[in-house]
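Structure first, commentary second.
All of the numbers you see were taken from the coordinates with simple rules; none came from a lab. As the structure is a computational prediction, the values presented were derived from the model and not from experiment. Note that each Cβ is placed from the backbone with ideal geometry, even for glycine, and that neighbours are counted across all protein chains shown.
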Amino acid sequence: MTQFYPRFCLLLLALLGGARAAQAQIEPAAQYTTLTPAQLMAWTPTGPTAVPANISTVPLATRQNSLAPQLNPAQSFSAKVNWCPDGMNNFSGYLNEQPQFNLYNFTHWQYVDVLTWFASPVGIPCRPWVETAHRNGVKIIGTVFTDRAGFVALCQKDAAGNYLGAQKLVDVANYYGFDGWFFNEEAALSPAEATELINLLKQLQTIRPAGMEIHWYDSMLPNGSVSYQNTLNAANAPLLQSGATRVSDAMFTNYFWTGAATFNSVVSTAASLGRSPFDIYTGADIWPGRNPQRLFTNTSWLSDYYTGGSPAQPRTSLAVFAPNMTYNGGQNNFNTNPADYANFYRTEQRLFSGDDLDVTTADATGWQGFGNYLPVRSVINTLPFDTYFSVGQGQVFANNGVQVRKSWTDMAKQSLMPSWQWAKTGTAPITVGFDFDRAYYGGTSVKLAGNLNGTTSASVKLYQTKLAITAPTQLDITYKSATAGPTGTKLALYFSDNLAAPALLDLPAVTDTLWHTTTLPLATYANRELAIIGVQMGSTTVRNYRVNLGRLSLYNGALVTTRPTANFTADATTVTTNQPITFANSSTNAASYVWTFVGGTPATSTDVHPVVSFAAPGTYAVKLRAQNAVGRDSLTRTSYIRVVSPPPAGSNTALLFDGVGKYVDAGVIALNPRDFSLECWVKANSFKVGSPFISSVIGMEDGGSNTAQIRLGDANITGDRPQFVMNTGSLSRKVTSPTALTAGTWYHLAATYDGAAMKLYINGGLSASLTANTTPSVTGAFSFGRNYANSRCLDGSIDEVRVWDRALSAAEIAANSCTVPTTASGLQAYWRLNEATGLVANDLTGHGHTGTLIGMNAADWSADVPTACANITATLPGRAAAELQVLVYGNPVPGGRAEVEIRGLRNQPLTLQVSNALGAVVWQQTVPSAGAALRTSVPLPGASGFYVLRASTPAGSTTVKLLKQ
């Protein structure tokens, strides 16, 4: 299986001429969740590559297979589903909550049986995903995807003839608590080497514990050659079963197939082997524009898995490759723009519910959705059952209904999701979906909205269950309404003995718009089996109806209360003096809190999410004690907050980057493809030591053809060597310096292309060059400190960034490293980075390429600048030292108005103007005399996205980019 990251992996390996290196994670703590074969063979539970924080102790939940409560009872549980996102380490390789909303997410566990953590060379699933998979009854397996040398290394034997690699794989899976391995062998082996690998698979069958699964990918044949069969046949059957010997538990076939006839060979060959055809996961690569099953242009192939297209008669199991197309497959912009979250979730809903986004009925044409064929597999079989409807990411974080605004992702915090998204019937004009602005715990609730006229109704089925109701059973529902008064909403409880007529229980009227919890005794329904939980709307007239569901709990007697677990994060851990820090409390099962902030203001707090500041520079600890009637738990983070003095306003500054997630987004820049230059100063604090060894400095790399950047490191060089990269279509051209940089030292780097040669300069001297008579693709989002993925963020500082529409000469580069006139010929963008405060980096050319600081704060402006440039003044040409500045308090903007402060007005008239992404003015205001400074509220349109605020006086103007979520 060719992995999309990188897309042409075998060609890449051939070019590198070495073993496949471990891929980088998005969080340093997860570094050793990918291993090289050599690291695997040396792995021990107490060794340096063991990661105790990645151990999952959540057991695999038991599922129930009930057809009667399905939306379509004429489905079948015979077929299984293997869900295989491509490159999990790139967008899900974390162990702790991430300060980023727009990471990959998945909310349809109820349709799948196995998730393959597809990463290389040895991909170990990360704990948050294992825990959530297990809570949903889904197995999760790691990947062995390496080159010939790697597989040969795994096949080493001890003196007794036992395969050392087989035991290591079992040990690693047992240690971390995941469920097996997927072998992706796409490197040709000799016949003898192939025999050894097959024997290793056989040994795995004898030593693996019950429940652990070994899956094989349809690539290598028994003679060691690579030949994709795209089905199960006599050629690849020995990799599944060899006579009476079980070789693999399942086979994932390649996806170069069309038509229902493909399945005939699977059924007949499996029968001849004495194996179930459902041990074969027929592969479907759904990445857009790539293979016969590409979505959403090819739509009929899914029916080929079923006899006559009937969901009741599957022929094999199903393997879905690259379902992350919902995230980074061009269906939406969520992976680059968190404001596009609704389209991301709509795309995943479409994957399962069809083009009409309605899982209750089959689409007449087009894509019908996986949910049309697959029944849901529910784990809600025993009490208690408790859900907060949290998808595991958000732009707010709530604890017991108290919210704080922050961007975050943590799959470990995902609740059990509704069984269907969404199963709505009836004629009342009601919509249902996740609400990312209102939550009771986590980042989301379920929102029901529309208008009720009292004569029509609508129902939404939320959860399929198999729960025995007894006399002490109770149900708690936590909800809020848009207005006080009747909610017009009832809980709908469907019992197995009468699925057609639900019992309806009123959600009581409310007196305010806060969260309310209602307890409903279910003794009336004792000795019955609850099969479906839903809601019904329409009993009363409610204009502008909105009800949010924040928590649902079913239990016997009393809801079990356990000892609390204290946990928290801060919105920034390095700040300037007196800078407010918001602490987000993610503790569970707590009723009250006590915070301690020695040296802070306040010094203690009982708030859920306190806001604190520190007046003096230094390093500070934070302690949280969470408690309830059962007990208490405390968490102290020592040396957690670092406070620094801010640089003086208008001083000469650079920007600091943390190597984890901080960067500057300067928007799309179209370079001259036949003549351009990039230059900046950079100081790395450290270099990447894990593959791909890349620290992005400046430029563009969108994962496709548009690449033009300066970076440090690459897959086949160390992380301390500068490199200039640009792409021509799918061909990447690279100029690599032979010089290794020293950490903690400033360097001026420049890259030029003149239509004939690529050149890379260090401190004004030519370091490397490459002949390249081509036309590169060089229009894309331009960034400082990051490109492509967070795993490539720079740990260090950047200053004096410039983009040119011409190739600079060596003399120009050597003479002008510290400053150039803002009107210099061919200067397309110039960020001097001397703002010293705020969350924007201004483009001094006037071309509007304003940089937005992402994940950064005031403490990331630093007076540590290149020594050669220390005496360069920070003022702009033609301006006084007290230049016009715009400070934004909250960017991204949390609501409909941006709070801003304009400084340097000097009692002049002020004009404020807001433009949208197309340049159209959407709001304007003039203040005749604004004094020395003005703080005001600027209204923004309702649509999410980027807007530009321009502040103008007779002496000059400045702009700032606003992100409205």
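How large is the dipole of region 882-965 about the Cα centre if only Lys and Arg carry +1 and Asp and Glu carry -1, each at its Cβ, rounded to the nearest 20 debye? Each step should come with its number before you reach the end.
On the way: 7 positive and 3 negative charges, 7 e Å.
For this selection, approximately 40 debye.
Which of the lysines could be linked to K461 by a straight reach, that is with a Cα gap under 17 Å, when you skip same-chain ones fewer than 8 residues away?
Filter leaves K424, K447, K490.
Place a +1 charge on the Cβ of each Lys and Arg in the chain and a -1 charge on the Cβ of each Asp and Glu, then give the dipole magnitude about the Cα centre in debye, rounded to the nearest 20. Please report the intermediate quantities before stating the final value.
Details: 62 positive and 58 negative charges, 198 e Å.
Roughly 960 debye for the chain.
Around L103, under 13 Å between beta carbons, what's the net of Lys plus Arg minus Asp minus Glu among the other residues?
On the way: positive: K413; negative: E27, E97, D410.
Taking every Cβ under 13 Å from that of L103, the sum is -2.
So for the chain, averaging the separation of alpha carbon pairs under 8 Å that are six or more residues apart and normalising by length, what relative contact order in percent results? Provide the component values of the computation, followed by the final result.
Numbers: 2587 pairs, mean separation 74.1, N = 965.
Taking the mean separation of contacting Cα pairs over the length of the chain, I get 8 percent.
Say the dipole of region 385-556 comes from +1 at the beta carbon of Lys and Arg and -1 at that of Asp and Glu; which of T409, L522, G538 then lies farthest toward its positive end?
Selected residue: T409.
Can you tell me the dipole magnitude for region 654-877 around its Cα centre, using point charges on the Cβ only (Lys, Arg +1; Asp, Glu -1), in Debye to the nearest 20?
Working: 14 positive and 18 negative charges, 88 e Å.
Dipole magnitude for region 654-877 comes out near 420 debye.
Which of T601, L40, C155 sits farthest toward the positive end of the charge dipole of the chain, with +1 on the Cβ of Lys and Arg and -1 on the Cβ of Asp and Glu?
T601
Using the scaling law 2.2 N^0.38 Å as the reference, what is the normalised Cα Rg of the chain?
Numbers: Rg = 29.5 Å, N = 965, 2.2 N^0.38 = 30.0 Å.
Dividing the Cα radius of gyration by 2.2 N^0.38 Å gives 0.99.
Among A616, T569, G550, whose Cα lies farthest out toward the positive end of the dipole of region 530-635, if unit charges sit on the beta carbon of Lys, Arg (+1) and Asp, Glu (-1)?
G550
How do 550-558, 488-496 rank on mean C-beta neighbours within 10 Å, highest first? Display every interim value, and only then the final one.
Working: 550-558: 18.7, 488-496: 21.0.
Taking the mean over residues of other Cβ atoms within 10 Å, the ranking is 488-496, 550-558.
State which helices in the chain qualify, where a helix is a whole DSSP H run, it must extend 20 Å or more along its own axis by its Cα atoms, and its mean Kyte-Doolittle hydropathy must be at least -0.5. It would help to have the intermediate numbers written out before the result.
On the way: long enough: 191-207 (24 Å, 0.20).
Once both thresholds are applied, what remains is 191-207.
I'd like the per residue volume of the convex hull spanned by the Cα atoms of region 882-965, given in cubic angstrom.
Details: hull volume 6.4 nm³, N = 84.
Cα-based convex hull of region 882-965, divided per residue, equals 77 Å³.
Among rounded, prolate and oblate, which fits region 9-372 when a ≥ b ≥ c are the square roots of the eigenvalues of its C-alpha gyration tensor, a/c under 1.5 means rounded, and a/b larger than b/c means prolate?
On the way: a/c = 1.61, a/b = 1.21, b/c = 1.34.
Verdict is oblate for region 9-372.
Can you give the net charge of the other residues whose Cβ lies under 14 Å from the Cβ of S791, counting K and R as +1 and D and E as -1?
Numbers: positive: K662, K688, R711, R786, R792; negative: E27, D658, E701, D714, D795.
Charge balance near S791 sits at 0.
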